[in-house]
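Asks: My questions all concern the structure below.
The values are calculated or read from the model by the stated rules, or taken from the named source; none is laboratory data. Please read these numbers as outputs of a predicted model, since none were measured by experiment. Cβ coordinates were reconstructed from backbone atoms using ideal geometry, including for glycine residues, and neighbour counts include every protein chain displayed.
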Amino acid sequence: MDVLKEYTLPFVGLKDGKHTFNFTIDNTFFEHFEFHEFNEASLEGLLILDKKPNFLELHFDIKGTVTLECDVSTEWFEHKVMTEYDLIVKFGVASNNDPDEIIVLPEGSYQINVGHYFYEMVVLSLPIKRVHPGIENGTLESEILKKLKALEPKEEKLNGQQDPRWNKLKDLL
């Protein structure tokens, strides 16, 4: 079974105007792309296709949650995903200097597969550094966090005062 088959939209039979398509994006979708960065995905994708006589306007909107692994504590946490993207589809011959927001399909095309655009939107919306919200607000209790706290460098004190050599570095800030 082709997972991306439901993301192929035939636009030839559609009348000019706006058309709405809803998609459920879960783990099977990401397994197709061999993406295993998160444990669970529960996303809703919305695509509004505005068909014009000579081109298509696509508005993508994704909302939901993915379960990520924290880079600090290795605990799993839910991360909210809310992202949108606009794309213009033209017909003709593609050139190398077309912007990223414009794709060019060959004349006579009758369908477009939007699965890859949903995939890219979700992956690019994920944070580079994934930190559990419990670490940021101090509510997460973990053996790893306790060990990191114990290994944290201590401030050197000379006669009850901070080492003056560090004051010059603070001036740089």
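Asks: Please state which one of 66, 89 is part of a strand (DSSP E or B), within 13 Å of the chain's Cα centre (by Cα) and surrounded by 13 or more Cβ atoms within 10 Å (Cβ to Cβ).
Replies: 66
Asks: Keeping to the range 4-45, report how many residues are touching a Ser or Thr at 6+ places or on another chain (Cβ under 6 Å) and surrounded by 13 or more Cβ atoms within 10 Å (Cβ to Cβ).
Replies: Adding up the residues that qualify gives 3.
Asks: Return the only residue of 36, 79 being in a strand (DSSP E or B) and either closer than 20 Å to residue 109 by Cα or modelled with pLDDT under 95 (or both).
Replies: 79
Asks: Run down 131, 123 and say which single residue is of a type in the set (A, V, I, L, M), surrounded by 10 or more Cβ atoms within 10 Å (Cβ to Cβ), modelled with pLDDT of 75 or more and not in a helix (DSSP H, G or I).
Replies: Of 131, 123, the one residue that is of a type in the set (A, V, I, L, M), surrounded by 10 or more Cβ atoms within 10 Å (Cβ to Cβ), modelled with pLDDT of 75 or more and not in a helix (DSSP H, G or I) is 131.
Asks: Further, regarding this structure: Which of the numbered conditions does residue 72 fail, given that it passes all the others? Conditions: (1) under 29 Å from residue 144 (Cβ atoms); (2) touching a residue at least 60 places away in the same chain (Cβ under 8 Å); (3) touching a strand residue (DSSP E or B) at 6+ places or on another chain (Cβ under 7 Å); (4) of a type in the set (Val, Ile, Thr).
Replies: Tallying (1) under 29 Å from residue 144 (Cβ atoms); (2) touching a residue at least 60 places away in the same chain (Cβ under 8 Å); (3) touching a strand residue (DSSP E or B) at 6+ places or on another chain (Cβ under 7 Å); (4) of a type in the set (Val, Ile, Thr), residue 72 fails exactly one: (3).
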